[in-house]
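K.L.:
I am attaching a structure below and will ask some questions about it afterwards.
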Amino acid sequence: MALSHNKLKFHVRTYGCQMNVHDTEKVSNLLLHEGWSAAASEEKADLLLINTCSIRDKAEHRLYSDLGLLSDWKKDKTPRVLGVGGCVAQQEGDELLRRFKQVDFVFGTHNLRLVPDLVTAALLGQRKAQIDTNKNPDRFDFPERHPDFEEKTPGRAFVTIMEGCDMFCRFCVVPLTRGREISRGWEAILSEINSLSRKGVVDVTLLGQTVNAYGRHDVKRGVMVKKGTKPFSDLIADIARVEGIKRVRYTSPHPMFFDQGLIDAHGSLPELCPHVHLPLQSGSNHVLELMRRRYDRETFGRLVQKLRESRKDLAITTDLIVGFPGESDLDFEETLEFVRDLRFVDSYSFKYSPRPGTPAKGDPGQVPAEVAQERLERLQALQGDLTLSYHRERIGSRTEVLVTGPSRKGGSQWQGRDPYNRVVNFTRGADEPPVGELVPIRVVEATPHSLIGEAFVPSVGLNERESQ
Ligand code: 5AD
Ligand code: SF4
């Protein structure tokens, strides 16, 4: 039923990964096309969506504490609608409606396109949970960006190329909340990127839970042409050729799915950024096997070496879990040693968190919380040293940043991201730096979390300026 939403405003709270951030963009864009407008704040919103994360228990609990506080938000004005989406929604479904009377509807990870209908139903007093799985790649199809769509980072965009995961690592809830691997046809991907480029996007990040597994089931079944997919490295090469696209990234790959084509692409495609986020999880073969990661440290080490041979300045970052059931002191020492050997530029490290429905939840050998905490602190201290020494190696080098805006520190400092995905704070020149565009920078200082640089005046040759 068509209702007029002309005066109604929405807001979305987003937790979790980049896929969730992008799902929020998709739903927001859809609502704009339906006549809604973005609220300046939650207080001004008639519709509030919470896009949830379930990767660790802390993220899930955040939803429950949010919902407690939102009872009052619901009562302050009528009609007000509250919807819950994302991984916790997929996991809990109807249970959320039963436990929380303030929730009007629940939408699963495959049902973003149903949000406008669910809101309309809610405005008519119907409470629904829609968490069916959808195996049709048309679930990736969304309208083009609405003129009122506000990009978080101008010049940069996420593009979904596959979703879901068939790897079933024993700690991970994602295969249960995002479903089976499904790849989107390359024509739809390229058409979206062409349209983004016409709107000024220069930097695209290809998204998928195991992004480099793109199309692998279609190859195995001999149906690549029929399904409209192609080898991942060929897709990257096509994207790099799109006019106006200057940077291509992908996240997150699985170490098992780096074929020679993808390794070579890092050496041959200037648009492919010299950064790979390559989740290791543990440096101990014993723990990797318990986790069912399907590689050992030797295979992982060889992959890192091949990638660095292909592109010698490649920045590799990783994810690590400490305190997985069965991880001994010795296993953890092996992780420390391996992280030191591989010299990751950065890492995200987490204490293992048991997740509903995952096999590791009931494993023997659960590690006491204080032991896991101590391991986490030691790992993060080591990573801090490695990151700072990488930043120091960069002093004096030239790079190019995508300008994101004035630095939060204020003053004449501006901020951007370089191709290695490092944050660079830089002193602006006489002109205001163009947000969403690429500007040349020289790195002059290193801090633990970012680089400090100076903008070049484009009319002054880099060498000329450097010799001053
Ligand atoms: N506990 C802790 N960390 C986890 N991750 C995934 N599942 C869990 C869990 N149950 C981490 C992994 C993954 C990242 C996105 O989150 O390191 O790569
Ligand atoms: Fe989770 Fe493993 Fe799939 Fe990554 S590869 S989403 S860690 S199951």
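The values are calculated or read from the model by the stated rules, or taken from the named source; none is laboratory data. No experiment lies behind these values; they were computed from the predicted model shown. Please note: Cβ atoms are built from the backbone with ideal geometry, for glycine as well, and neighbour counts cover all protein chains shown. With ligands, DNA and RNA removed, areas are computed over all heavy atoms of the protein, side chains included. Shrake-Rupley method; radii C 1.70, N 1.55, O 1.52, S 1.80 Å.
K.L.:
Could you check, for region 47-61, whether at least one of its residues is more than 30 Å from Pro356 (Cα to Cα), among the polar types (S, T, N, Q) and assigned by TED's automatic domain parsing to the domain that holds Ala89?
P.N.:
For region 47-61, residues more than 30 Å from Pro356 (Cα to Cα), among the polar types (S, T, N, Q) and assigned by TED's automatic domain parsing to the domain that holds Ala89: absent.
K.L.:
Which is within 16 Å of His11 (Cα to Cα), in a loop (DSSP other than H, G, I, E, B) and modelled with pLDDT of 95 or more, of Val119, Val103?
P.N.:
Val103
K.L.:
Here is a follow-up. Please go through region 251-262 and give me each residue that is under 13 Å from Pro231 (Cβ atoms) and either surrounded by fewer than 16 Cβ atoms within 10 Å (Cβ to Cβ) or in contact with a strand residue (DSSP E or B) (Cβ under 7 Å, 6 or more places away or on another chain) (or both), ordered by number.
P.N.:
Phe257, Asp259, Gln260, Gly261
K.L.:
Under 23 Å from Met162 (Cα atoms), in contact (Cβ under 8 Å) with a residue 12 or more places away in the chain, out of contact with any Leu (no Cβ under 9 Å at 6 or more places or on another chain) and open to solvent by less than 20 Å² (accessible area, probe 1.4 Å) - does that describe any residue in region 68-88?
P.N.:
No, the conditions are met nowhere in region 68-88.
K.L.:
What number goes with the only condition from (1) open to solvent by 20 Å² or more (accessible area, probe 1.4 Å); (2) closer than 19 Å to Pro448 by Cβ; (3) not β-branched (Val, Ile, Thr) that Glu337 does not pass?
P.N.:
Of everything listed in (1) open to solvent by 20 Å² or more (accessible area, probe 1.4 Å); (2) closer than 19 Å to Pro448 by Cβ; (3) not β-branched (Val, Ile, Thr), Glu337 misses just condition (2).
Residue by residue, here is whether (1) closer than 30 Å to Lys351 by Cβ; (2) within 16 Å of ligand 1 (Cβ to nearest atom); (3) crowded, with 21+ Cβ neighbours inside 10 Å; (4) in the same structural domain as Pro255 (by TED's automatic domain parsing) holds:
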{"residue": "Arg98", "(1), (2), (3), (4)": "no, no, no, no"}
{"residue": "Lys101", "(1), (2), (3), (4)": "no, no, no, no"}
{"residue": "Arg156", "(1), (2), (3), (4)": "no, no, no, yes"}
{"residue": "Asp166", "(1), (2), (3), (4)": "yes, yes, no, yes"}
{"residue": "Pro175", "(1), (2), (3), (4)": "yes, yes, no, yes"}
{"residue": "Ser183", "(1), (2), (3), (4)": "no, no, yes, yes"}
{"residue": "Glu192", "(1), (2), (3), (4)": "no, no, yes, yes"}
{"residue": "Leu196", "(1), (2), (3), (4)": "no, no, yes, yes"}
{"residue": "Gly200", "(1), (2), (3), (4)": "no, no, no, yes"}
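K.L.:
Quick one: which residue in His266, His277 is within 16 Å of ligand 2 (Cβ to nearest atom) and at pLDDT 95 or above?
P.N.:
His277
K.L.:
Go through region 345-372 and report how many residues are away from ligand 1 (no atom under 13 Å from the Cβ) and open to solvent by less than 60 Å² (accessible area, probe 1.4 Å).
P.N.:
Matching residues across region 345-372 total 4.
K.L.:
Now for a separate question. Quick check on Val248: is it away from ligand 1 (no atom under 16 Å from the Cβ), open to solvent by less than 10 Å² (accessible area, probe 1.4 Å) and touching a strand residue (DSSP E or B) at 6+ places or on another chain (Cβ under 7 Å)? Outline the logic, then answer.
P.N.:
On the way: away from ligand 1 (no atom under 16 Å from the Cβ): yes; open to solvent by less than 10 Å² (accessible area, probe 1.4 Å): yes; touching a strand residue (DSSP E or B) at 6+ places or on another chain (Cβ under 7 Å): yes.
It is true that Val248 is away from ligand 1 (no atom under 16 Å from the Cβ), open to solvent by less than 10 Å² (accessible area, probe 1.4 Å) and touching a strand residue (DSSP E or B) at 6+ places or on another chain (Cβ under 7 Å).
K.L.:
A further question follows. Report yes if Gly108 is on the phi > 0 side of the Ramachandran plot and touching a strand residue (DSSP E or B) at 6+ places or on another chain (Cβ under 7 Å), otherwise no.
P.N.:
no
K.L.:
What number of residues within region 7-21 satisfy the criterion of being surrounded by fewer than 18 Cβ atoms within 10 Å (Cβ to Cβ) and within 17 Å of the chain's Cα centre (by Cα)?
P.N.:
So the answer is 3.
K.L.:
Another question, if that's okay. Restricting to region 263-310, count the residues that are more than 21 Å from Leu235 (Cβ to Cβ), open to solvent by 30 Å² or more (accessible area, probe 1.4 Å) and in a helix (DSSP H, G or I).
P.N.:
Selection size over region 263-310: 11.
K.L.:
Considering region 105-133 alone, what residues qualify as being open to solvent by less than 50 Å² (accessible area, probe 1.4 Å) and more than 13 Å from Gly86 (Cα to Cα)?
P.N.:
Pro116, Leu118, Val119, Thr120, Ala121, Ala122
K.L.:
I'd like the residue in region 209-243 that is among the acidic types (Asp, Glu) and modelled with pLDDT of 95 or more and, out of all such residues, is least open to solvent (accessible area, probe 1.4 Å).
P.N.:
Looking at the filtered set, the residue picked out is Asp238.
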